[in-house]
Amino acid sequence: MPTTQAPTNWAGNITFSAARLHHPDSVDELRRIVSSADRVRVLGTGHSFNRIADTEGDLVNLDRLPHRVETDPGKSTATIAAGMRYAHVAQALHAEGFALANLASLPHITVAGACTTATHGSGSDQRCLAAAVAGLELVGPDGEVTRIGRDEDPDRLNGAVVGLGGLGVVTAMTLDIEPTFDVAQWVWTGLPLDRLDDSFEEIFGAAYSVSVFTDWRSGEGVVWLKCRTDLPGPPDPGQPWLGAHPANRHHHPVPAMPPLHCTEQLGAPGPWHERLPHFRPDFTPSNGDELQSELLLPRESASAAFAALRGLGDRIAPVVQVSEVRTVAADELWLSPAYGRDSVAFHFTWVPDHDAVIEVVAAMEEALLPLGARPHWGKLTTAAPERILSSYDRAGDFARLLAEHDPAGKFRNAYLEGYFPTG
Ligand SMILES: Cc1cc2nc3c(=O)[nH]c(=O)nc-3n(C[C@H](O)[C@H](O)[C@H](O)COP(=O)(O)OP(=O)(O)OC[C@H]3O[C@@H](n4cnc5c(N)ncnc54)[C@H](O)[C@@H]3O)c2cc1C
């Protein structure tokens, strides 16, 4: 039975306008809901900060669909129920001796919700999570199930994976997997921000996944290194490194928050899914009381972006809880912010004061958009849709893909209409 109580997103800054919220417990029930609705969107775990998941029609949550994780060792893939959270998929894969290449900062989010916004982790050789998708199963507007596979139609798949929820309800996904691996995590404090600029490649090449946290005013950063134990080791934790010092206690990215919420550090090796995210699945990730924005730039713009952000440090620091710098490898997914270019990502966890924050986001975007910045699809931005889409070569192809999969606009909402107006 659908409910009519208006849900909010995880951060509580969005109240959805849906007339009904459904939790189907089978794909057949989902197909009936979709085929009889006028307007439908899926709500994942609601970890986006804008109206991307919203609708005035029927909102569908897939949390009651049966879990499914079927590995195919011959093809190095696993087919999973797309509404599952990464935490559950990762545990099941690890139990069978497999791993995903990378994870985001939190494992709480659904695989479909994360991939459709091009969610990413860090790693100079690591692409966004959606790049691991080898196939999708979608319930289309008439309730029919279609499959898009990399082997059959790689270009269409590249268009569909980061689909902003507009192509239909993704019920299953086939993901690339690899043998499971261990990761050890070290934190280094007191990195002079000048070193972040002049030793950028060395810092981000020092481990499989690297994050640098700062407020852009203190002149210092905290470096998190996630090192695969089967790859060459990290800097010697017995020595200072680039002016930073190894931490002798656990850290949380947000200085005021308890480190208990975070994955194990101090170099203790553990399975990939218990180290690659910053946050443990059974604790609140980040702060919970926050807003977020993020911009991805070509890696060659890193130095100019550092200068711009340090120039804005006195405006950023009073409203930021923490900012994180990561790297993301280039991919071919039409709407991925890392499409066609190795990228540096600037994430901001802000205080939950929309008016104060949005002024600073606007100032930052004015400085970084000319350097090629593309905003994260699931976070706050002040940039006009036309300006954002002008940096995506395949935006026109995506508009055609949307029209082909959903000619009557059943899966459209105001967010999508702002970027890809009907007709
Ligand atoms: C604390 C925190 C930490 C974060 N860390 C990172 C990070 O490290 N890296 C990063 O890149 N981002 C990060 N994010 C952003 C987050 O990964 C994205 O917003 C992601 O899209 C959230 O997934 P979700 O399951 O909550 O999806 P939702 O926010 O619920 O939905 C997002 C979109 O997916 C669509 N959707 C969901 N399920 C389906 C489906 N089955 N079929 C079709 N469409 C679907 C929705 O309609 C909507 O358009 C973080 C967010 C938070 C709150």
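The values are calculated or read from the model by the stated rules, or taken from the named source; none is laboratory data. Note that this is a predicted model, so its numbers are computed, not measured. Here the Cβ is made from the backbone with ideal geometry for all residues, glycine too, and neighbour counts use every protein chain on show. Just the protein is used for accessible areas: all its heavy atoms, side chains included, with ligands, DNA and RNA removed. Shrake-Rupley method; radii C 1.70, N 1.55, O 1.52, S 1.80 Å.
A few points about this structure:
- Accessible-area ranking of K410, K75, largest first, probe 1.4 Å: K75, K410
- Computed on segment 69-180, with alpha-carbon pairs under 8 angstrom and 6+ residues apart, the relative contact order is 35 percent.
- Note on segment 182-385: with neighbouring protein chains present and a 1.4 Å probe, carbon and sulfur make up 50 percent of its accessible heavy-atom surface.
- Taking Cα atoms only, the orientation of helix 302-311 departs from the longest principal axis of the chain by about 80 degrees.
- Using alpha-carbon coordinates, inclination of helix 395-405 to the longest axis of the chain, degrees: 30 degrees
- Accessible area in square angstrom per residue, segment 182-385, 1.4 angstrom probe: 36 Å²
- Electrostatic bookkeeping for D406 treats Lys and Arg as +1 and Asp and Glu as -1; over the other residues with beta carbon under 13 Å from its beta carbon, the sum is 0.
- Annotation: amide H-H contacts under 5 Å for F98 (H modelled 1.01 Å from N, sequence separation of 5 or more, or interchain): T180.
- Estimated FRET transfer efficiency when R0 is 51 angstrom, pair D194-H67 (beta carbons, to 0.05): 0.60
- Taking the chain and dividing mean pair separation by its residue count, relative contact order in percent (alpha carbons under 8 Å, at least six apart): 17 percent
- Computed accessible area, R299, all protein chains, 1.4 angstrom probe, square angstrom: 40 Å²
- Between segment 196-236 and segment 332-381, the C-alpha centres lie 21 angstrom from each other.
- Here the 3J(HN,Hα) profile of segment 348-360, calculated from phi with Karplus coefficients 6.51, -1.76 and 1.60 at θ = phi - 60°, is 9, 9, 9, 5, x, 10, 3, 5, 5, 6, 5, 5, 6 Hz, Gly and Pro shown as x.
- Degrees, to the nearest 10: 86-95 long Cα axis against longest axis of the chain: 80 degrees
- Per-residue ellipticity at 222 nm computed for the chain from its helices equals -6000 deg cm²/dmol, with DSSP H segments shorter than 4 residues left out and the rest contributing -39,500 (n - 2.57).
- Selection among A384, Y419, A403 by position relative to the dipole of segment 367-423 gives A384 as farthest towards the positive end (Cβ unit charges, Cα centre).
- Share of carbon and sulfur in the accessible heavy-atom surface of segment 69-180 [1.4 Å probe, %]: 48 percent
- Working note: Karplus 6.51/-1.76/1.60 with θ = phi - 60° gives segment 121-134 the couplings x, 10, x, 4, 9, 9, 7, 5, 4, 5, 5, 7, 7, 9 Hz, where Gly and Pro are set to x.
- The string of couplings for segment 269-284 from the Karplus curve (6.51, -1.76, 1.60, θ = phi - 60°) is x, x, x, 2, 7, 9, 10, 5, x, 6, 10, 7, x, 9, 10, 4 Hz, one whole number per residue in order, with x for Gly and Pro.
- Cut-off 12 Å between beta-carbons: net charge of the residues surrounding A367, Lys and Arg +1, Asp and Glu -1: 0
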